[in-house]
Structure formats: C-alpha cells, structure tokens
Amino acid sequence: MQTGEYLRTTSGLLLMVPILVLLSACADKRQQPRDITGADAAAGLAVIERLGCAACHQIPGVDWPQGTVGGSLDGFADRSMIAGQFPNQPETLATWVRNAPSMSPKTGMPAMPMTSAEARDVAAYLYTLEHD
Ligand code: HEC
C-alpha cells in the first residue's frame, strides 16, 4: 500500500518535468518578438525605401541617405524596447512604424503613409536586422 503510493507520487513528479520544460520553452519563445505571420520582409524594404525612412535612420540594406535624427536601426531585432517605451513585439512595432504619434504623442517620429499590411512588412524587415 505505502509502496504503491510512493510510486504514484514519484511518477507524478516525473511527468511534471517534461511539462515544465515545455512551458519554459514557450515562455522563451514569447520573449523573442520575431515572426509576423504572412508579412514579407523584402516588400517591407521596398516600403522603407519608398517612404524615405533613411532620411532619419541608418538602416542596413539602404545605402543612402543615412539620417541620424532617429538613430540607427541596425540590430533592431535584438532590442527589447521600441523607443525605450514599448515592448518590441510584432504588432506593436507595426503600429509604431505607421503611426508612432498615436502611441507617443511627443515623439519626433512622424506618422508614415502606409497601409497596415505594409506596416507589418516593414516590421518583418526590421526583424531581419540582427546585430548591432
Ligand atoms: C522625420 C524623421 C523620421 C522619419 C522619416 C522616420 N523616423 Fe523613425 N524615428 C524618428 C525618431 C526621432 C525616433 C525616436 C523616437 C522616440 O524615441 O520617441 C524614431 C524611432 C523609430 C523606431 C524606434 C527606434 C528605437 O530606437 O527604438 C523605429 C523602429 C523607427 N523609427 C522606424 C522607422 C521607419 C520604419 C520609418 C519609415 C517608415 C521611420 N522610422 C521614419 C524619426 C523618423
């Protein structure tokens, strides 16, 4: 009787180990803001070039201009925050690149004329920029 209970407890604990491992793997993934379903990074680069983001930012993949007002976006995929205020997550970034003043009224980053689909493409491109 006692042995049976011991075995049940032990196997219960053993089952918990893989479950905990799985849970922590999911948690890690959530902290990595990288995939945007259906977005197209190459199309995002074309939008960035068309709208002239590089007038204010240095952006790998855009040779000219290399503006300095908004800072370099090199390594943006590795950063945890947007403008030091918002978590660097796909939908948040897509909103930011399209309409930063709606999130941060005093920001120097202007609203940019693009569709929300284009904004997701732009975010996908920024997530290809991996090291600083
Ligand atoms: C007129 C200048 C200007 C233009 C054009 C501009 N930005 Fe910005 N951007 C800024 C400034 C200034 C900031 C810093 C904002 C802040 O900290 O509030 C910024 C911040 C950002 C950030 C956050 C950077 C960080 O360090 O966290 C991203 C991403 C960004 N811009 C992307 C873009 C993209 C993509 C475009 C083109 C669609 C663009 N910007 C066009 C001025 C500009």
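The values are calculated or read from the model by the stated rules, or taken from the named source; none is laboratory data. If you're wondering where the values come from, they're calculated on a predicted model, not measured in any experiment. Positions of Cβ are backbone-derived with ideal geometry, glycine not excepted, and every protein chain shown enters the neighbour counts. Only protein heavy atoms, including side chains, enter the accessible area calculation; ligands, DNA and RNA are left aside. Shrake-Rupley method; radii C 1.70, N 1.55, O 1.52, S 1.80 Å.
Numbers below:
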| quantity | calculated |
| --- | --- |
| Scope the range 81-92; condition part of a loop (DSSP other than H, G, I, E, B), open to solvent by 40 Å² or more (accessible area, probe 1.4 Å) and touching a residue at least 40 places away in the same chain (Cβ under 8 Å); matching residues | Gln89 |
| Residue check for Asp63: open to solvent by 40 Å² or more (accessible area, probe 1.4 Å), modelled with pLDDT under 95 and not aromatic (Phe, Trp, Tyr) | no |
| Residue match in the range 36-59 (condition: under 12 Å from the mean Cα position of the chain (by Cα), at pLDDT below 95, away from the ligand (no atom under 13 Å from the Cβ) and open to solvent by less than 70 Å² (accessible area, probe 1.4 Å)) | yes |
| Filter pass, Gly70 being in contact (Cβ under 8 Å) with a residue 24 or more places away in the chain, part of a loop (DSSP other than H, G, I, E, B), near the ligand (Cβ under 6 Å from one of its atoms) and open to solvent by 70 Å² or more (accessible area, probe 1.4 Å) | no |
| Per-region count, the range 93-132, residues more than 8 Å from the ligand (Cβ to nearest atom), open to solvent by 40 Å² or more (accessible area, probe 1.4 Å) and farther than 11 Å from Gly44 by Cα | 13 |
| Condition check for Ala77: of a type in the set (Gly, Ala, Ser), open to solvent by less than 10 Å² (accessible area, probe 1.4 Å), within 18 Å of Asp121 (Cα to Cα) and free of Cβ contacts under 8 Å to residues at least 40 places away in the same chain | no |
| Cβ-Cβ under 7 Å pairs, at least 6 apart or on other chains, the range 49-61 side in contact (Cβ under 8 Å) with a residue 60 or more places away in the chain, far side part of a helix (DSSP H, G or I) | Ile59/Ile48; Ile59/Cys53; Gly61/Leu45 |
